[in-house]
Every structure is written in structure tokens, then in C-alpha cells.
Amino acid sequence: MDTSGESVISIVGHLIVLALLVNVGMRMIPARRPFPWPALVFAIVIGVPSLLQSAFPQITHALARDPQAELGGQWWRILTALLAQDGGLVAAIFNLIVVLLALVAGAWIWGPWRAVVLYLVPSIVLNLLALAWRQPGGGSSFANDGLIFSVFALALLIGTRDALHPSRGHTLVVRVCAGIGVLVAVVLVVAGDAHGVAMLLGLALGFAFGVPRLSRQATAART
């Protein structure tokens, strides 16, 4: 599996996913929105080393995913790979914009703590899988993809009476957008792009978190 995200199909796929997220997010964001502190925290934690890496490439070498080093005992790279943007300054800036977009939407739709879990788990799992694939590198794209697709999972689960979705038209739009996103993920997996795996993992996590949530909402609505 390719983890670089530098292929044409990966770039086009991610641009489509971002456009879909904007359409879904605008219709799913609730009226009462908590302060999206995960977006601020991760933007700083990821942004500082990411922007410094162009001037100090040794930061990348210290944080990035390195299968040989990890198997030799440097297990923390599975975690710190999230902070190592390996595509240069332009890619780092773009990824930081996506970090903010994904985490603001995720914190508002899922709640801050669920958003943090749904952000970190895909990154950790995919960086573990990258050991088997012998793929060095790093970046925040696995985490971004996972959280975005967890939102898509919730979009696929929603009912017309859900508190977040006041109209049948909005429900149809978010479901269609989420469905297109799933097709993008499948295409990336078939093309051998690891980001498709992160997307489908985020989708599965979103279903796991979303089904109990909607069940609780349905129970509360009946009482």
C-alpha cells in the first residue's frame, strides 16, 4: 500500500472528499456548538513541527515513521508520525488547513472528546499497518481521513427526525455526499492507496459511535 498520498488519484480523491465534507458539515452542524478546542490544540501541536521541518529537516527524521527504527524499539514513531509532514512546506500548510476543517466539524458534530478519539485512532492503526507495508513517512492525512469519514458514517445513519437534520432534503444531500465519499475510499483502496483504508476505518468507527448515539436520541425523543 502506498502511504505517500502524492499520486494524482490520491490528490483528486482528497479534494473531492473535502468538498463533500463542506456540504455535509454545513447541514449537520448543530445550533449549539461547543468551542472546538481539539482543532486549536492539534493545529498547534501538529503545526509547529510541521512548519519548522522545511528549515530543520532533522525534525522529520526524528518524528517520522521508520519501520526499521520502530521494529528496533522506537515504538513512539507510531504516534509522532502524525507530526511529521513529509510532503514539503506547501503540503504541510494544506494539511494544516484540513486539520482545522476536519477537527472543527468533528468537534461540533461528534463533540470534542469523541472527535479526538476518532482523529487519533485511524492515525495509530494506519501507522501500525505501515510497518507491515514497510512504508516510511508521516503526516496528518490518516487522522484527517478517519475523522472526516466518521462524519460521513453518521450522515449515512441519520433519520429525518434526528435533531441535527431538520429536513428531508438535508438528509438526502448528506447521505448522497457520504455515499460518494465511500466510493472515493473504495477507489483509493483498489488503487493501492493506504488513505482509502484510513477512510474506511473512520467509516467503521463512525458507525460504531453513531448507532448508540442515534439510539439514545430516539429513546429520548419517545420519553
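The values are calculated or read from the model by the stated rules, or taken from the named source; none is laboratory data. Please read these numbers as outputs of a predicted model, since none were measured by experiment. Here Cβ is always computed from backbone atoms with ideal geometry, including for glycine, and neighbour counts include all displayed protein chains. Areas reflect the complete protein model, heavy atoms only, side chains present, ligands, DNA and RNA absent. Shrake-Rupley method; radii C 1.70, N 1.55, O 1.52, S 1.80 Å.
Observations on the structure shown:
- Set V104, V99, V121, V116: member being buried (at least 24 other Cβ atoms within 10 Å of the Cβ) and either among the polar types (S, T, N, Q) or over 19 Å from L71 (Cβ atoms) (or both): V99
- Just one of the listed residues (A105, A43, A81) is at pLDDT 90 or above and in contact with a Lys or Arg (Cβ under 7 Å, 6 or more places away or on another chain), and it is A81.
- Within the range 3-22, tally of residues that are open to solvent by 70 Å² or more (accessible area, probe 1.4 Å) and not β-branched (V, I, T): 2
- Filter pass, V48 being of a type in the set (V, I, T) and in contact (Cβ under 8 Å) with a residue 12 or more places away in the chain: no
- Some residue of the range 96-118 being under 23 Å from V12 (Cα atoms), free of Cβ contacts under 8 Å to residues at least 60 places away in the same chain and part of a helix (DSSP H, G or I): yes
- Considering the range 56-71, the residues that are open to solvent by less than 70 Å² (accessible area, probe 1.4 Å) and without any contact (Cβ under 8 Å) to a residue 40 or more places away in the chain include one that is nearest to W133 (Cα to Cα), namely A69.
- Residue in the range 22-45 that is over 17 Å from S123 (Cα atoms), part of a helix (DSSP H, G or I) and more than 19 Å from the chain's Cα centre (by Cα) present: no
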